[in-house]
Amino acid sequence: MSAFTAREPLLSVRDLTVGFKTDRGPITALDRISFDLGRGEVLGLIGESGSGKSVTMRALLRILPQKRTTISGSILMEGRDVLALKRRELASYRGNDVAMIFQEPSLAFDPVFTVGRQIAETVVRHKQCSWDAAYARALEMLELVRIPSAKSRLDNYPHEMSGGMRQRAMIALALACSPKLLLADEPTTALDATVQIQVILLLRELQKELGMATIFVTHDVGVAAEISDRVAVMYAGRIVEMGSAADVLKSPAHPYARGLLSSTIHGAMAGERVEAIPGMPPDLANMPSGCAFSPRCAMAMPECRNVIPAPASVGAGRSAACIRVGSVAA
Amino acid sequence: MSADTLASGNAMPLRASRGYWSGVWLRLRRDPVSMACLTVLVLIILASAFAPLIAPGDPSVGSVARRLRPVGTPGYILGTDELGRDMLTRLLFGGRMSLTMGILPVALALLIGGTLGTIAGFVGGLTNAIIMRAADILFAFPSVLLAVAIAGALGAGFVNSLVALTVVLIPPLIRVSESATTQVRSLDFVEAARASGAGAFTIIRVHILGNIMGPVLVYASSLLSVAIIMAAGLSFIGLGARPPTPEWGLMLNTLRNSIYSQPLIAALPGVMIFIVSLSFNLLSDGLRSAMDVK
Amino acid sequence: MMEQATTSSRYILEVAGMTKHFNVGGSFGKSRKVVQAVSDVSFRIREGTTLGIVGESGCGKSTTARLIMGLIGMDCGDLLFNDRAIGRSAREMKAFRRQVQMVFQDSSASLNPRMTIEASIMFGPMVHGEDRAEARRNAHHLLERVGLDPARFAGRYPHELSGGQRQRVNIARALALKPKVVIFDESVSALDKSVEAQVLNLLIDLKREMNLTYIFISHDLNVVRYISDHVMVMYLGKVVEHGPSEALFANPAHPYTRALLASMPSLDPEKRTLSAPIAGDPPSPIDPPQACRFHPRCALARPSCLAINPALFDAGPEHVAACHRSDPKSPYWTEGEAQ
């Protein structure tokens, strides 16, 4: 641990592979994904359902069900091997190093305790401070996430808050122990448009203020564009393209990333046909051979069926996993 | 367009789909406990049904000379009772009464309670309030006490205890079918059916029944073991079958005095009640998990 | 396509003064509360066009759909189909229901899990007296039309299909009664983006082929803008703005519409949204604010907005909005700004 220097990335994931045993046989939910995350950096993970974004988050927090899961590869957090952490170390890792926010605040809050108490309890558990200090911290956190009249809100039960406010309270809970890495799993998806943008802006500000690294999972390209420094596009358990948000979202290289962007409806296209990707994402229990996207890909060649393409550099800080990517990007 | 949208179906193999109930049966068949229970129950039910054909003796003819022979006596494999009647024969014939008194009230209660519950759940409003409050009133009494009270008021006998047990079993079935119906009724496909102009009866028949059948049947099957025990209990205290009719609960009572001289024989009717009730219970559990797949 | 539709065709569906309030609570001494789900909503749709309805949770868009479908009764208001008022009698309702069908958001809850795909599609026509063989033939034809091979899918159960495929089945089911108007209540919202695009393409093709009229309800403004000829914006049970899609998106007349538009995430990482257009959550439709229901969140609100209910004013051709502060002819337009 002492060998760790500030210039190394905060989080380094290498060949992370997650398999599940299911009724229909083993599936590979995550297939050799690798990425680095610098301090204070925001990585957006974009993908459709079943692409492995949420599994990635759960693997990072090590909350996957142990019995049915096999994990290989490595996750290094400040040089520490997360996959080797013992029970006690894990408890401190979750909360002190990494915290997670969810789409549904009800997953984070217990309905029978007040919001203030739950935040304070987390602080007491991780920082071993007094309850008074913990409540003070809880108040500070609610103010930080800009909940109006925070002091009286400490005594609210989760159901007494509106959806947007509960989401803010959950952010306060996650940030109470000042984690170095925040995992955000579609935290704005269930919110109304006018509330969603408020929460995105809040997360963006807090992330800058606290210098905290964030992985933000979303299926919405627009949300990813609003918050990410870099984005990774996932498909069928693999990262197919990664690079700066501006590069990937404005000129995607991988055919899937291109298809995803062209099928995202945006402002000035009324009347035009949407360029939809044909077919549907593969069944993880029944994956096509070679490139998982090849059956839906207009540019697929016979060779695409034979090899699983490895991520290759396609410009500064940019990679794509497609054997045709040279010809595509050109 | 057709080309790209049709592609979405190409991954789907060309094989016939299995219906829900055959899927349930397939899963149930994979569960050894359920299959063992089912086998035991089928054997006991068949044996009772064909008792006149397979029983070695006459259930009501005994001889004081051969009272309380032990288990294993030649000619009387399971011994004889306090009046010298063959135990095996009595147990086989007793099963007819005990099983009927256990299964029939559940079936009747399922029919009546299920209908009332479905109506209450589907119609809602005042109808629901009336049916449910009526069920609540019956529900407020402990079921065994209520059964004893009704059977006591009506007098002993097969039909009367049948009525008593049915009345006791109706309220829980109303409850379960009402809540299942309410749940299904709020689903979008029922809305869609209403939007297509279908009437209430059609919707209940086509859309509601198929979806509440599962949970209601599981619940009813779990009541079978309760009903068997209650029926035996009524007979035991003299409110059910009357001597000399063979019935397990009644046999348990009449053999009570022999418990010190022939404990094994005195326990035999109890063992039968235990086996049947346990098998129904385990089978019901197995059925529940076999149905519990989306 | 749009010009022809907006100028030449007649109105197929007209809603006037539609209102629905729900009572909540009120048992065991708790005070009874009223949810003003839909208040005095009026609009009409020309045949062959698409009306988009947008708004946030609690704005009454789904209640509006259910009221039009007759799934719940309205407290007051009129519904005209082809210039004829729809009565409340069962027979009239049944006939009307053939004409207007609906596709729900939850593709799996809207199909009976115990019925095959084919049986689900055949159900409606058979209720209306079509014989089994005929209904099956039509069901297969429709499955093919929505991009599902009948040989593979007709005998399937809903849980064997993906969300996108189920939603295609729901579309086929809605079309089986040969309706004139189809209501889509967040029908593509739960689908993955690539599948959503396929379904939207399908909807556009079907509409043209069968000369359908759509009511398209969604919270996704981009999708509504893409598919609609006209757009109606609702807030807490009231219509705040209604107009031709492009005019409304280019020149939104109501402050709420402007806020909603500004809340859409930018697709360009270099042109991010810098500040949230409005603060707070949409209030609950239980006891909504008086007069203009948007006033507590509105930066332009003046005392008159708290006191006087704004009527719809003309903001352009076929374009109306309900806001004192955006209507130059309103006596309250410049209130408080002279100083």
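Since every read-out is calculated from the coordinates, none of them should be taken as a lab result. Everything quoted here is computed from the prediction, not taken from an experiment. Here the Cβ positions follow ideal geometry from the backbone for every residue, glycine too, while neighbour counts run over all protein chains shown.
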Task: Cα-based convex hull volume of region A:11-250 per residue, rounded to whole Å³ - done: 127
- [ ] Go ahead and run the numbers for FRET between B:Ala49 and B:Arg205, Cβ-Cβ distance against an R0 of 30 Å, rounding to 0.05.
- [x] 0.40
Task: Calculated [θ] (222 nm, deg cm²/dmol) that DSSP helices of n ≥ 4 give over chain A, each run adding -39,500 (n - 2.57) - done: -9000 deg cm²/dmol
Task: Antiparallel DSSP beta bridges within the protein assembly as shown, as percent of all bridges there, nearest 5 - done: 60
Task: Surface/4 estimate of mean projected area, convex hull on alpha-carbon atoms of region C:122-230, nm² - done: 7.0
Task: Over region C:50-113: Kirkwood hydrodynamic radius from C-alpha pairwise inverse distances, Å - done: 13.6
Open item on the list: Please list the three semi-axes, largest first and in whole Å, of the ellipsoid equivalent to chain C, using sqrt of 5 times the eigenvalues of its alpha carbon gyration tensor.
Closed with: 37, 23, 20
TODO: Two decimals is fine: what's Rg over Rh for the protein assembly as shown, C-alpha atoms, Kirkwood radius as Rh?
DONE: 1.04
- [ ] Counting only C-alpha contacts under 8 Å and six or more residues apart, can you give the relative contact order of region A:164-223 as a whole percent?
- [x] 45
Task: Mean shadow area of region B:34-113, taken as a quarter of the surface of its Cα convex hull (nm²) - done: 6.8
Task: Distance between region B:138-176 and region A:171-189 - C-alpha centres, whole angstrom - done: 57
TODO: Enumerate the lysines that C:Lys20 could reach by cross-link, defined here as Cα to Cα under 18 Å, with residues fewer than 8 away along the same chain left out.
DONE: C:Lys33, C:Lys61, C:Lys238
TODO: With a Förster radius of 22 Å, plug the Cβ-Cβ distance of A:His159 and C:Gln290 into 1/(1 + (r/R0)^6) and report the FRET value to the nearest 0.05.
DONE: 0.25
Task: Coordinate range along principal axes, alpha carbons of region A:19-125, Å, largest first - done: 42, 34, 29
Task: Fraction of alpha-carbon pairs over 27 Å apart in chain B - percent - done: 53
TODO: Report, in debye and to the nearest 20, how large the dipole of region A:11-250 comes out about its Cα centre when Lys and Arg carry +1 and Asp and Glu carry -1 on their Cβ.
DONE: 780
- [ ] Just the ratio, please: alpha-carbon radius of gyration of region A:138-233 over 2.2 N^0.38 Å, N its number of residues.
- [x] 1.06
Task: Debye, to nearest 20: dipole size of chain C, +1 on Lys, Arg Cβ, -1 on Asp, Glu Cβ - done: 920
TODO: From zero up to wherever the largest Cα-Cα distance of region B:195-294 sits, split into 10 Å bins and tell me the percent of pairs in each.
DONE: 15, 29, 22, 17, 11, 5, 1, 0
TODO: Could you tell me what % of all Cα pairs in region A:24-71 have separations over 15 Å?
DONE: 54
Task: Contact order normalised by residue count of chain B, Cα under 8 Å, 6+ apart, percent - done: 24
Task: Check: the protein assembly as shown dipole with +1 on Lys, Arg Cβ and -1 on Asp, Glu Cβ, in debye - done: 2140
Open item on the list: Run the simple label-point estimate for A:Val124 and A:Ser251 please: 7 Å along Cα→C-beta, distance reported in nm.
Closed with: 5.7
- [ ] Within region B:163-272, list the chymotrypsin sites (Phe, Trp or Tyr not before Pro) lying in a DSSP loop whose Cβ has at most 15 other Cβ atoms in a 10 Å radius.
- [x] B:Tyr260
Task: Fraction of antiparallel bridges per DSSP, chain C only, in percent to nearest 5 - done: 60
Task: A:Thr22/B:Val42 FRET efficiency (R0 25 Å; Cβ-Cβ; nearest 0.05) - done: 0.15
Open item on the list: Once you compute Rg and the Kirkwood Rh from C-alpha atoms, what is the Rg to Rh ratio for region B:149-231?
Closed with: 1.16
TODO: Let me know the longest stretch in chain A that avoids all trypsin sites (Lys or Arg not before Pro) found in a DSSP loop with at most 11 other C-beta atoms within 10 Å.
DONE: A:87-330
Open item on the list: With an 8 Å Cα cut-off and a minimum separation of 6 or more residues, compute the relative contact order for chain C in percent.
Closed with: 19
Open item on the list: I'd like to verify something in chain B: which complete DSSP H helices, judged by Cα projection on the helix axis, reach 27 Å or more and average at least -1.0 on the Kyte-Doolittle scale?
Closed with: B:87-123, B:158-185, B:209-236, B:263-291
Open item on the list: Would you work out the Kirkwood radius for region A:194-280? I mean one over the mean of 1/r across all pairs of different Cα atoms, in Å.
Closed with: 14.4
Open item on the list: In Å, what Kirkwood hydrodynamic radius results for region B:81-181 from the alpha-carbon pair distances?
Closed with: 15.0
Open item on the list: Quick check on chain A: of the DSSP beta bridges with both residues there, what percent are antiparallel, nearest 5%?
Closed with: 60
TODO: Provide the descending list of Cα extents for region A:288-330 along its principal axes, expressed in whole angstroms.
DONE: 30, 17, 14
Task: Distance cut-off 16 Å, percentage of C-alpha pairs in region C:212-297 lying past it - done: 59
Task: Anchor C:Lys271: aspartates and glutamates whose Cα lies under 18 Å away (excluding residues fewer than 8 positions away in-chain) - done: A:Glu205, A:Asp220, A:Glu226, A:Asp229, A:Asp247
Task: Tally of Lys pairs whose C-alpha atoms are under 26 Å apart, taken over chain A, 8 or more apart or cross-chain - done: 17
